[in-house]
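Peer 1: Okay, here's the structure, questions in a sec.
The values are calculated or read from the model by the stated rules, or taken from the named source; none is laboratory data. Keep in mind that this is a model prediction, so the values were computed, not measured. A quick note on method: Cβ atoms are made from the backbone with ideal geometry, for glycine too, and the neighbour counts reach across all protein chains shown.
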Amino acid sequence: MVKKLVLMFCLLSFTGLSLGLAGEETIGYLFKDKGNGSISVKVYVKEVINQSGQSQIIPETFKKKLEESLRQRRSMDFKVVKSPAESDVQISAVIKSYRYSERGTFKPNPGIGTMLLDAAATMTQNYVEMAVEYTVVGTKADEVLWKNTVSEYIKRKMTPEESIPLISDRITKNFIWKCFGKANLRDSDRRGIMI
């Protein structure tokens, strides 16, 4: 029994460590001189594509939420521009999936306490999930700097109409953190990347 608990603890610790290391895939280091309001990172957000099959998701509204989230970011100063020619980077977003349900699905989290809370929430709360594929291209070199699919979910009391702005807000903020967050990369890893 003790061996099983130790093995389970090690597996959960390794999972948490790997999630923490995933943050090193950010490109925030490319803009280290453009933070704190001194120099803005000029961003052009392309038209959002909705491939989720859900007509209640309006791409223009999602685009506005992404632009708003960029403007509100405090650790980096983003300026949303009106044309690609004005930008340092261009962001495209493809909404891959959206799902709302009356009852939440069970998503196991590390730790027995959070797992029990998650199981209880599954029975009493609504559930929304979204996946969006983001691509960030450096305008100057026309090079893909970052590309990944970001997934998020929320469990709480909400209507289908309330769920779309809630999940849109969460996923855009998570994308900005994952893409432009701070990372400790060696200088040798940074060579050859132009924005």
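Peer 1: Just the residues that are more than 19 Å from F31 (Cα to Cα), touching a residue at least 40 places away in the same chain (Cβ under 8 Å) and surrounded by 19 or more Cβ atoms within 10 Å (Cβ to Cβ), please, taken from segment 122-154.
Peer 2: The answer is M130, V132.
Peer 1: Among the residues of segment 78-96, is there at least one that is at pLDDT 95 or above, under 28 Å from Q54 (Cα atoms) and exposed (fewer than 15 other Cβ atoms within 10 Å of the Cβ)?
Peer 2: yes
Peer 1: Do we find a residue being in a helix (DSSP H, G or I), at pLDDT below 85 and out of contact with any strand residue (DSSP E or B) (no Cβ under 8 Å at 6 or more places or on another chain) anywhere in segment 30-38?
Peer 2: Yes, some residue in segment 30-38 is in a helix (DSSP H, G or I), at pLDDT below 85 and out of contact with any strand residue (DSSP E or B) (no Cβ under 8 Å at 6 or more places or on another chain).
Peer 1: Name the residues in segment 155-165 that are in a helix (DSSP H, G or I) and crowded, with 16+ Cβ neighbours inside 10 Å, would you?
Peer 2: Within segment 155-165, the first condition is being in a helix (DSSP H, G or I), and the residues that meet it are 160-165.
Of everything in segment 155-165, those that are in a helix (DSSP H, G or I) and crowded, with 16+ Cβ neighbours inside 10 Å turn out to be S163, I164.
Peer 1: Let me ask you something else. Given the criterion surrounded by fewer than 17 Cβ atoms within 10 Å (Cβ to Cβ) and part of a helix (DSSP H, G or I), identify the matching residue among E60, E47. Please lay out each step first, then the result.
Peer 2: Working: E47 fails: part of a helix (DSSP H, G or I).
Answer to the check: E60.
Peer 1: Quick one: in segment 139-154, of everything that is in a strand (DSSP E or B) and among the β-branched types (V, I, T), which residue is farthest from the chain's Cα centre (by Cα)?
Peer 2: First, pick out the residues of segment 139-154 that are in a strand (DSSP E or B): 143-154.
Those still in the list that are among the β-branched types (V, I, T) too: 144, 149-150, 154.
Numbers: V144: 17, T149: 8, V150: 5, I154: 14 Å.
In this case the residue turns out to be V144.
Peer 1: So, one more: Give just the number: which of (1) surrounded by 16 or more Cβ atoms within 10 Å (Cβ to Cβ); (2) modelled with pLDDT under 95; (3) of a type outside the set (F, W, Y); (4) under 20 Å from the mean Cα position of the chain (by Cα) does N184 not satisfy?
Peer 2: Condition (1) is where N184 drops out.
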